[in-house]
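Enquirer: One structure, as structure tokens, below. Some questions next.
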Amino acid sequence: MDANAVNKTEITKTKRKPRRESNRSLWAFLGPYYLMFTIFIIVPVVVAIGLSMTNFNAIQWPSFIGFANYVNLLTQDATFMRYVLPNTLFFALVVGPGGYILAFLMAWMLAQVPHKTRTILALALYSPSMTAGVAMNVLWRVIFSGDEAGYLNSILLRIGMITEPIQFLQSPEYLMLIMILVTLWGSMGVGFLAMLSGILNINPEMYEAAYIDGLKNRFQEIIYVTIPSMRPQMLFGAVMAIVATFQAGAIGVELSGANPTPQYAGQLMVNHIEDFGLIRFEMGYAAAVSVILLIVVYGFSKVVNKLFMDRD
């Protein structure tokens, strides 16, 4: 073997060593993430899909029935098609975009105030998302209590708008509206913080250049500079809003104190899953509903991703 061939062999060996070391470092950092993602995301999804094709009562061994649960859900479950699915879509289409727009507006307004004031206000807006479960039982149920001691009933009785207390939390006419109000109240979560961070990290020189190029007002500033400059944060906030909206099924049960909710007025897909899975112990059917919910959330996420994906 000549000297040139030996030198080439040594050079290739020295090149491979750093690559192997970098690959090992890469897997050392990514390995725990992939492991946790597999255990807590992939495995539960696969198990749910498998259970959705069985008849399982949590006691006896599951028996395979194919797509019978899905057929029953879409063709024979009148409650799902008449109440649960329309309620879920209405709730998601109001709370999702509403909470998302509200979070962006609050983040944009906070970005205009001094640092110390911004910190206090951001904490005040973010805290309901952390304490929503406790506050729901303590605060909102007191406000909408169906007796004269309820704050809203007490005010309406004093000013003469009503002559007897209204059962707000047991009335199909008001329950969904109250659920939307409470969810919007607690919608300033991590998506709101991500938007605030994105707005604060925009280079001020971009605004100056935009006004030099003909920008005229703050609305155009938001449309042409702020939103395009924080597209990743907007995408993250949108995805978090979708997930939080479809997971908010416990609100109707917590407020009304019953599952199903009164006359199914506040019954969402999450409540339907809990009803069949934890009350009736029809685990296979509940798994089928959860798979449908997963598909709906995934579909909305793909739409949002196309809206905010980088087109450059």
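Enquirer: Can G249 be described as under 27 Å from T75 (Cβ atoms), crowded, with 20+ Cβ neighbours inside 10 Å and of a type in the set (G, A, S)? Break it down stepwise before answering.
Expert: Working: under 27 Å from T75 (Cβ atoms): yes; crowded, with 20+ Cβ neighbours inside 10 Å: yes; of a type in the set (G, A, S): yes.
For G249, the condition - under 27 Å from T75 (Cβ atoms), crowded, with 20+ Cβ neighbours inside 10 Å and of a type in the set (G, A, S) - is met.
Enquirer: Here's another thing I want to ask about it. Count, please, the residues in segment 264-284 that happen to be in contact (Cβ under 8 Å) with a residue 60 or more places away in the chain, assigned to a helix (DSSP H, G or I) and either of a type in the set (D, E, K, R) or over 19 Å from F246 (Cα atoms) (or both).
Expert: If we filter segment 264-284 for residues that are in contact (Cβ under 8 Å) with a residue 60 or more places away in the chain, which is where we start, we get 264-269, 271-272, 281-284.
Restricting the remaining residues to those that are assigned to a helix (DSSP H, G or I) gives 264, 269, 271-272, 283-284.
Next, from what is left, pick out any that are either of a type in the set (D, E, K, R) or over 19 Å from F246 (Cα atoms) (or both): 283-284.
Residues flagged as in contact (Cβ under 8 Å) with a residue 60 or more places away in the chain, assigned to a helix (DSSP H, G or I) and either of a type in the set (D, E, K, R) or over 19 Å from F246 (Cα atoms) (or both) within segment 264-284 amount to 2.
Enquirer: Continuing with this model, one more query. Can you pull out the residues in segment 285-312 that are out of contact with any Ser or Thr (no Cβ under 6 Å at 6 or more places or on another chain), in a helix (DSSP H, G or I) and either over 30 Å from W140 (Cβ atoms) or among the basic types (K, R) (or both)?
Expert: Y285, I295, Y298, G299, K302, V303, N305, K306, L307, F308
Enquirer: Oh, and also: Of (1) in contact with a helix residue (DSSP H, G or I) (Cβ under 8 Å, 6 or more places away or on another chain); (2) at pLDDT 85 or above; (3) within 30 Å of I202 (Cβ to Cβ); (4) in a helix (DSSP H, G or I), F91 satisfies all except one. Which?
Expert: Answer for F91: the failing condition is (3).
Enquirer: For segment 221-235: of the residues being buried (at least 18 other Cβ atoms within 10 Å of the Cβ) and in contact (Cβ under 8 Å) with a residue 24 or more places away in the chain, which is farthest from N201 (Cα to Cα)?
Expert: This residue is L235.
Enquirer: Pairs only if they're at least six apart or on different chains, beta carbon under 9 angstrom, first in segment 152-170 and within 27 Å of N259 (Cα to Cα) and in contact (Cβ under 8 Å) with a residue 40 or more places away in the chain, second of a type in the set (S, T, N, Q) and assigned to a helix (DSSP H, G or I); list them, first residue then second.
Expert: Taking only residues 6 or more apart or on different chains, the pairs are L169/S256; Q170/S256.
Enquirer: Among the residues of segment 258-294, write down those that are surrounded by fewer than 18 Cβ atoms within 10 Å (Cβ to Cβ) and closer than 21 Å to Y100 by Cα.
Expert: L294
Enquirer: Sticking with this structure for a sec: P260 fails exactly one of the following numbered conditions: (1) outside any helix (DSSP H, G or I); (2) in contact with a Ser or Thr (Cβ under 6 Å, 6 or more places away or on another chain). What is the number of that condition?
Expert: (2)
Enquirer: Since I202 meets every condition but one in (1) assigned to a helix (DSSP H, G or I); (2) farther than 16 Å from I101 by Cα; (3) under 26 Å from the mean Cα position of the chain (by Cα), which condition does it not meet?
Expert: Only one criterion in (1) assigned to a helix (DSSP H, G or I); (2) farther than 16 Å from I101 by Cα; (3) under 26 Å from the mean Cα position of the chain (by Cα) is unmet by I202, namely (1).
Enquirer: Do we have any residue at all in segment 214-230 that's under 13 Å from the mean Cα position of the chain (by Cα), closer than 24 Å to F192 by Cα and in a loop (DSSP other than H, G, I, E, B)?
Expert: No, the conditions are met nowhere in segment 214-230.
The values are calculated or read from the model by the stated rules, or taken from the named source; none is laboratory data. Just so we're clear, the structure is a prediction, and the values are computed from it rather than from any experiment. Positions of Cβ are backbone-derived with ideal geometry, glycine not excepted, and every protein chain shown enters the neighbour counts.
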